[in-house]
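The structure under discussion appears below in the form of structure tokens.
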């Protein structure tokens, strides 16, 4: 299985002090910075766009993992790549033409990935597993932080790992010291944690996610 990586979600950080937060979370041991992009259409909330991603990129030393919760991500992937997104994941449930959008992400200089909602089968992503750098399995419903972990998605993670032994498989939602072992045992190697990491000592919380 690929190396374990911790990707704190900046959605839970103090946006009034974004540079300080980025520097602190990186010093605490983050491997990636997870950036939640919401369009107020695909999900109810509205968060950041390319200008804020560009601002984060100016102070970040770690790769930016941008998760586009958007109905039409194909319209914006080039902008996010230009702003500094290193990895761009799009939902299979979106309106995007998947193959064309993954190709556009790669052409723009970022690594392409796909996202599955909790009730979406691995079969929905299967045709593109060889074309992506990361598969993100949502273990909560997208759009809100602090939700409870949905354990049934572990079967999706297991199925994905069986199909793609060398792929980065990311899990996002309700990841903490209690749920992390289940996620890793199922085959996830990229762990997104927002409220858990940012609500305590950053370094201690990140260390607690590095399970054996």
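The values are calculated or read from the model by the stated rules, or taken from the named source; none is laboratory data. Being a predicted model, the structure only gives us computed values, none of them experimental. Backbone-built Cβ (ideal geometry, glycine too); neighbour counts: all protein chains shown.
Quick notes on this structure:
- Any chance residue 194 is within 14 Å of the chain's Cα centre (by Cα), farther than 16 Å from residue 25 by Cβ and at pLDDT below 95: no
- Test for residue 68: is it in contact (Cβ under 8 Å) with a residue 60 or more places away in the chain and touching a strand residue (DSSP E or B) at 6+ places or on another chain (Cβ under 6 Å): no
- Set side by side, the residues 4, 10 differ, and just one is surrounded by 22 or more Cβ atoms within 10 Å (Cβ to Cβ) and touching a strand residue (DSSP E or B) at 6+ places or on another chain (Cβ under 9 Å), which is 10.
- Per the conditions (1) over 26 Å from residue 202 (Cβ atoms); (2) surrounded by 23 or more Cβ atoms within 10 Å (Cβ to Cβ); (3) over 16 Å from the mean Cα position of the chain (by Cα), the sole criterion not satisfied by residue 60 is (1).
- Residue 28, sole failed condition from (1) more than 17 Å from the chain's Cα centre (by Cα); (2) more than 16 Å from residue 192 (Cβ to Cβ): (2)
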